[in-house]
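Chemist: Pasting a structure below so you can have a look.
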Amino acid sequence: MKHLENSISATLRRRLLAGAAAAAALLAFSAGTASAAASCIKGDRKAPYTIGWANIYSVPTWMKQTEGTIKAEVDELNKAGLVKDLMITDAQGNAQTQIQHIQSMIDANVDAIVVIAGSSTALDRVISDACDKGIAVVNFDSLVDTDKVTAKINTDSNEWGATAAKWMVSQLGGKGKIIIMNGPAGISVSDDRRKGAQPVLDANPGLKVITETNTEYNVAPAQEAMTSLLFANPDIDGVLSLGGALSAGSVMAFERQGREQVPTTGENARQFLELWKEKGLKGWATMQPNWLGALSVYTAVQALQGKDIPAFVKVPLPVIDDSTIGSYLARADKFPADGYIYSDYDKALFDKLLAK
Amino acid sequence: MSTISPSSWLYGSIQLRRNRGLGGLYLVVAAFLILYAVLFPGILSIGGFSKFTQNWFPLALVTMAQALLMLNGGITLAIGPLVSLGAVIAATTMEGALGVSGGILAVAAAGLAIGAITGAIVTHLRLPAIIVTLAGSFIISGVALILLPRPGGAIPDWLSTVLAGHTPVAFLLLVLILALWKAFLATPLGLGIYAAGDNSVGAFRSGVPVERVKVAAFALSGLLAALTGLFVAAQTGSGDPVIGTPFTLNSIAAAVLGGVGFLGGKGTMRGAICGSLLLSVMINVMFFLGFPPVAQYVAQGLIIVGAVAVPEFLTQWRARR
C-alpha cells in the first residue's frame, strides 16, 4: 500500500500544468496586484488551523516515518501560532473507510486535509466535496485523479522506472539477462514505475527480461519470490527492482543460495542500503522522501494563508549511488532498522519546491 | 375479529426469541447513534444523514449477501472480489455502447451467474463452500484486473449524483431491499433458506428442494455483492479493481456481530444489518472522539468482542440462575 500514483501520464500533466501556469500568470498580470489564491481556498479561514491527516494505512514503517515528519511540522507550525490541531485517521487499507474518514473531516469542518489516497479514483467525489467547502486539500505520495485539490505533491514514478532502467543498461553495457521486481498488481505506482522502464528496455534490446514478478512491498514475500526465480534461472545478470523492500528481499535470496550478487536497483530502505555496503554490491537507489508529508502540511498552511501554490509540486528524485551512500549510512542509526533513510529537508527546500 | 391465530402466535414467539440475543447489540448501536448525533448534530440534516447512510450502504449490502449464505450453512470468501468486479464492469460499460441500463444489467447478470455457478459447484459436487469461494475469489480478482488493470473507467455523473448525492436514495434503496427480503422469506424458496440451513436432512424430507435453495441463495448473494460494486463505482465515480477486498472479512464480521451463526439456520437479517451499522457508525464516532489510530484499532476490537461476548455471557448467566 505504499505509494500509488496518478493515471494521467506525467508528461501530459506537465504540459497541462505549463499551460495552466501560463494562463494563471497572464491572469495575475492582468489583475494587477490582486492576490492569486490557490485552488479550493476561499479566504475565509483564519489561523490557527485544524489539519486532518487522512492516511490509508498507518502500519508500514514508511507510513510511521511519514507521520513522524507530519507531526514534527505541525509542532513547528503550532509554535508559530498557525496550527492548533492535528486529526489523524487510519483507514486500515480500506478505501471505503477512507471515504468515510474524509467525510467526517468535512463534517468536523477542518481547515485542511492532507491525504495519501488508497485508490487513485475512489476518493475523487469526496475530495471534490471538501474542495467545494473551501477546505485546502493537499494530496501526496499516492495521488487521486481529480484535479479539484489545492495541490498534489509527488515524485515522478515514470522517471523512477526510466532512471533505474538506464542505470541497469549502463552497468551491464547494454547486454544481459535481468529480472524485474514489481509491487502489487493493480496499484498505479507499481504500474507507473514499470511503464517508465519500458521505453528504455525497448531501446536496448540487448537487455533481455527473463521474467518479472509482482509482490507486496515487503521483504519476506520478495525474498520468497526471488528464491523461486533463482531456482528456475541459472543465469541472471541484474535485478531491476522497483521498490526498496523488494531489493532487500532479492539480495537476501541471492545470499541464501550462495549466488554471486548482481547489480541491483532499489530504494532508500535502510536494510537494502546496509546490504549494499556489506556485500559490496553494485547498487543504485532513489526514494520517495518521507518528508513529502511535512511538505504537504506546510503547503496546506501556505495555501490557507493566501499564498499561490502550484497545482502540482514535482519533487525531484534524490539518487543514492556509490558516491553518496556513505552519507546516508552515516545517519542510519537515526532511522528504524526496517525504515527508510531519507534525504535532509528544511524550510528553504520547501520554499524552493513551492516556488517552481 | 382480532383473535390471534395459533400460527401468528407461534411466529411472534419465534421472532421474540430470535431478537432476545440481539438486545445488547440494538442497545449498543442505539447508544452509538445517539453519541454520533451529539458529537455531530449535522447527521440530523438530510445532507448529513444521506452521506452517513451512503457510507454504510455498501457494507450493509455485502453483509446481507454474506448473511444470506451463512443462514443456510454456507459462506463466501469471494464477496470482496465480486464487489470489485461489479465496480469494474459498471465503470467499463456505462460510458460505452451498453449505456447505464445495459451496464446495470451486465453487473446484475455477472453477479447472478457467478453466484449460481459457485452455488452449483458447492451443492452438486458437494465441495466445501469455503474452498470453492476461496478459489473463486482468485479467479474473480484476476478477471477484474484483466478488465481494468488499474483504477479508471467512469460512471456517468448524473448516476453518481442520484445514488450518492445529497439525497438519502441509498437509504431508501436499503429499505426497499429489506422489504424485498421480507417478501422473499414468505415464499417457499425463502423459507427453505432457513430450513435447509438449520437441518438440511429434515428440510429435504419435508419436501424442501434443498439443492435448489442453496444454488438460489448463492445466486442472490452474488447479485447483491455485484450490485454493491455498482454502488461503490457510482459513489466513487469510477472503477478500482481491488476496492472490494476488505469487504470479505468485514461482511463476515458484521454478520457474526449481528448474531448470524456459522453453522446455518441461526440469526436474522435485521441482526446482520445492525452489525454492519455498528461497524460503520463506530468509525465516525471514534473520529469525532478524536481517538488516535492505534487506539482505534484496539477500541474496534474491544467493541466487536464485547458486542458478541456480552449477550453470550448474559445467556449463560441467566441459564445458571
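Chemist: How high is the relative contact order of chain A, in percent, with contacts defined as C-alpha pairs under 8 Å that are six or more residues apart? Walk me through the intermediate numbers first.
Modeler: Details: 735 pairs, mean separation 72.6, N = 356.
This gives 20 percent for chain A.
Chemist: While we're here: Counting only other chains, what is the mean number of Cβ atoms within 10 angstrom of the Cβ of each residue in peptide A:125-131?
Modeler: On the way: counts 11, 7, 0, 1, 2, 0, 0.
Other-chain Cβ atoms within 10 Å of each residue's Cβ, averaged: 3.
Chemist: How big is the charge dipole of chain B about its Cα centre, in debye rounded to the nearest 20, if each Lys and Arg gets +1 on its Cβ and each Asp and Glu gets -1 on its Cβ? Please report the intermediate quantities before stating the final value.
Modeler: Working: 15 positive and 6 negative charges, 219 e Å.
About 1060 debye.
Chemist: So what does A:TYR328 come to for accessible area, using a 1.4 Å probe and Å² rounded to 10?
Modeler: The value for A:TYR328 is about 20 Å².
Chemist: Lys/Arg Cβ at +1, Asp/Glu Cβ at -1, dipole of chain A taken about the Cα centre: which of A:GLY43, A:ALA253, A:TYR340 is farthest positive-ward?
Modeler: A:GLY43
Chemist: Accessible area of A:ILE99, 1.4 Å probe, to the nearest 10 Å²?
Modeler: We get 10 Å² for A:ILE99.
Chemist: Using a simple charge model, +1 on the beta-carbon of Lys and Arg, -1 on the beta-carbon of Asp and Glu, nothing else, what dipole does segment B:165-321 show about its Cα centre, in debye to the nearest 20?
Modeler: On the way: 9 positive and 4 negative charges, 117 e Å.
Roughly 560 debye, rounded to the nearest 20.
Chemist: For A:LYS42, list the lysines whose Cα falls under 24 Å from its own Cα; do not include residues on the same chain fewer than 8 positions away.
Modeler: Of all the lysines, those that pass the test against A:LYS42 - Cα under 24 Å, at least 8 places apart if same chain - are A:LYS84, A:LYS133, A:LYS148, A:LYS152, A:LYS307, A:LYS356, B:LYS51.
Chemist: Can I ask one more? Just the number, please: percent antiparallel of the DSSP beta bridges in the protein assembly as shown, rounded to the nearest 5. It would help to have the intermediate numbers written out before the result.
Modeler: Working: 4 of 41 bridges.
That works out to approximately 10 percent antiparallel.
Chemist: State to the nearest 20 debye the size of the charge dipole of segment A:114-259 about its Cα centre, where the only charges are +1 on K and R beta carbons and -1 on D and E beta carbons.
Modeler: Numbers: 13 positive and 17 negative charges, 73 e Å.
Charge dipole, segment A:114-259, about its Cα centre: 340 debye, nearest 20.
Chemist: Could you compute the net charge surrounding B:VAL281? Neighbours are other residues with a C-beta less than 14 Å from the C-beta of B:VAL281; K and R count +1, D and E count -1.
Modeler: Its environment carries a net charge of 0.
Chemist: Tell me the label-point distance for the pair B:ALA37, B:ILE130, using the 7 Å Cα-to-Cβ offset, in nm and rounded to one decimal.
Modeler: Between B:ALA37 and B:ILE130, the simple spin-label model gives 4.1 nm.
Chemist: Please state, to two decimals, what the Cα-based radius of gyration of the protein assembly as shown comes to when divided by 2.2 N^0.38 Å (N = residues).
Modeler: Numbers: Rg = 27.1 Å, N = 677, 2.2 N^0.38 = 26.2 Å.
Expressed relative to 2.2 N^0.38 Å, the Cα Rg reads 1.04.
Chemist: How much accessible area is lost when chains A and B come together, counting both sides, with a 1.4 Å probe, in Å² rounded to the nearest 100? Before the final figure, lay out the partial values.
Modeler: Working: alone 14980 and 15970 Å², together 28050 Å².
Result for this pair: about 2900 Å² buried.
Chemist: Kindly provide the helix-only [θ] at 222 nm of chain B, computed as the sum of -39,500 (n - 2.57) over DSSP H runs of four or more divided by all residues, to the nearest 500 deg cm²/dmol? All intermediate terms of the calculation are to be shown ahead of the outcome.
Modeler: On the way: 14 runs with 246 residues, N = 321.
Helix-only estimate at 222 nm: -26000 deg cm²/dmol.
Chemist: Now for a separate question. Could you list, bin by bin from short to long, the percent of Cα-Cα pairs of segment A:234-289 in 10 Å steps?
Modeler: The distribution over segment A:234-289 is 27, 61, 11, 1, given as percents.
Chemist: Net charge within 13 Å of B:GLY23 by Cβ-Cβ distance, Lys/Arg positive one each and Asp/Glu negative one each, not counting B:GLY23 itself?
Modeler: On the way: positive: B:ARG17, B:ARG18, B:ARG20, B:ARG270, B:ARG318; negative: B:GLU312.
Around B:GLY23, the surrounding residues sum to +4.
Chemist: Can you give me the accessible area per residue for segment B:1-88, using a 1.4 Å probe, in Å²?
Modeler: On the way: 3820 Å² over 88 residues.
Per residue, segment B:1-88 has an accessible area of 43 Å².
Chemist: Got a sec? Charge dipole of the protein assembly as shown, +1 on Cβ for Lys and Arg, -1 for Asp and Glu; which of A:PRO263, A:LEU317, A:LEU292 is way out at the positive end?
Modeler: A:LEU292
Chemist: Explain nothing, just the number: relative contact order of segment B:1-154, from Cα pairs under 8 Å at least 6 residues apart, as a whole percent.
Modeler: Details: 88 pairs, mean separation 36.4, N = 154.
Here the relative contact order equals 24 percent.
Chemist: Could you check the simple spin-label distance between A:ALA330 and A:ASN109, using points 7 Å along Cα→Cβ, in nm with one decimal?
Modeler: Simple spin-label model gives 5.1 nm for this pair.
Chemist: Let me ask something else. Pick from A:PRO205, A:PRO318, A:PRO184: which is most flexible by mean-square fluctuation in a GNM of chain A where alpha carbon atoms under 10 Å apart are linked?
Modeler: Comparing A:PRO205, A:PRO318, A:PRO184 in the GNM, the peak value goes to A:PRO205.
Chemist: Which entries in B:LYS182/B:LYS266; A:LYS282/A:LYS347; A:LYS71/A:LYS334 show an alpha-carbon gap greater than 28 Å? Numbers along the way, then the final one.
Modeler: Values: B:LYS182/B:LYS266 16 Å; A:LYS282/A:LYS347 34 Å; A:LYS71/A:LYS334 17 Å.
A:LYS282/A:LYS347, as the Cα separations exceed 28 Å there.
Chemist: Right, next: Counting only protein heavy atoms and using a 1.4 Å probe, what share of the accessible area of segment A:128-229 belongs to carbon plus sulfur, as a whole percent? Don't skip to the answer; put the middle values down first.
Modeler: Values: 1770 of 3490 Å².
Accessible surface attributable to carbon and sulfur in segment A:128-229 totals 51 percent.
Chemist: Which one, A:LEU143, A:LEU317, A:LEU273, has the greatest fluctuation when you compute a Gaussian network model over chain A with C-alpha springs under 10 angstrom?
Modeler: The residue that fluctuates most here is A:LEU317.
Chemist: If amide H atoms are built 1.01 Å from N in the plane of the peptide, which residues on other chains or at least 5 residues away come under 5 Å of the amide H of A:GLY339?
Modeler: A:ARG270, A:GLN271
Chemist: Among A:PRO234, A:ASN218, A:VAL200, pick out the residue whose Cα is farthest towards the positive end of the charge dipole of segment A:183-237, where Lys and Arg carry +1 and Asp and Glu carry -1 on C-beta, about the Cα centre.
Modeler: With unit charges placed on the Cβ atoms, the residue in question is A:VAL200.
Chemist: So which helices of chain B fit the span-like rule, where a helix is a whole DSSP H run, its Cα atoms reach 18 Å or more along the axis, and its mean Kyte-Doolittle is at least 0.5? Working shown, then result.
Modeler: Values: long enough: B:6-20 (21 Å, -1.00); B:23-39 (24 Å, 2.41); B:46-71 (35 Å, 0.98); B:79-93 (21 Å, 1.72); B:99-124 (36 Å, 1.65); B:129-147 (26 Å, 2.49); B:169-185 (24 Å, 2.69); B:210-236 (39 Å, 1.32); B:269-288 (29 Å, 1.70); B:293-320 (40 Å, 0.70).
TM-like helix candidates: B:23-39, B:46-71, B:79-93, B:99-124, B:129-147, B:169-185, B:210-236, B:269-288, B:293-320.
Chemist: Specify the residue with the greatest mean-square fluctuation among B:ALA65, B:ALA106, B:ALA299, computed from a Gaussian network of chain B linking alpha-carbon atoms under 10 Å apart.
Modeler: For chain B, modelled as a Gaussian network with Cα springs under 10 Å, the answer is B:ALA299.
Chemist: So, one more: Averaged across the residues of B:205-217, what count of C-beta atoms belonging to other chains lies within 10 Å of each residue's C-beta? Numbers along the way, then the final one.
Modeler: Working: counts 0, 0, 0, 0, 0, 0, 0, 0, 0, 0, 0, 0, 0.
Per residue, the average neighbour count from other chains is 0.
Chemist: Assuming a viscosity of 1.567 mPa s and a temperature of 4 °C, what translational diffusion coefficient in µm² per second does Stokes-Einstein assign to chain B, Rh being the Kirkwood radius over Cα pairs? It would help to have the intermediate numbers written out before the result.
Modeler: Numbers: Rh = 20.5 Å.
Here the translational diffusion coefficient equals 63 µm²/s.
Chemist: Here's a follow-up. Using a 1.4 angstrom probe on protein heavy atoms only, which residues from segment B:41-78 are buried by at least 40 Å² of accessible area when all chains are present rather than their own chain alone?
Modeler: Going by heavy-atom accessible area, the residues of segment B:41-78 that drop by at least 40 Å² are B:LYS51, B:ASN55.
Chemist: How many partner chain Cβ atoms sit within 10 Å of a residue's Cβ in peptide A:83-89, on average, as a whole number?
Modeler: Numbers: counts 0, 0, 1, 0, 4, 7, 7.
That average works out to 3.
Chemist: In deg cm²/dmol and to the nearest 500, what is the mean residue ellipticity at 222 nm of chain A if only DSSP H runs of at least 4 residues count, each as -39500 (n - 2.57), divided by the residue total? Write out the running numbers ahead of the final one.
Modeler: On the way: 12 runs with 157 residues, N = 356.
So the helix-based figure for chain A works out to -14000 deg cm²/dmol.
Chemist: Turning to a different aspect of this structure: How much of the accessible area of segment B:109-173, probe 1.4 Å, is carbon plus sulfur, in whole percent?
Modeler: Details: 2730 of 3320 Å².
On segment B:109-173, the fraction of accessible area on carbon and sulfur atoms equals 82 percent.
The values are calculated or read from the model by the stated rules, or taken from the named source; none is laboratory data. Computed from a predicted model, the values in this text were never measured in an experiment. All Cβ positions, glycine included, derive from the backbone under ideal geometry; neighbour counts span all protein chains shown. Surface accessibility is based on the protein's heavy atoms, side chains included, excluding ligands, DNA and RNA. Shrake-Rupley method; radii C 1.70, N 1.55, O 1.52, S 1.80 Å.
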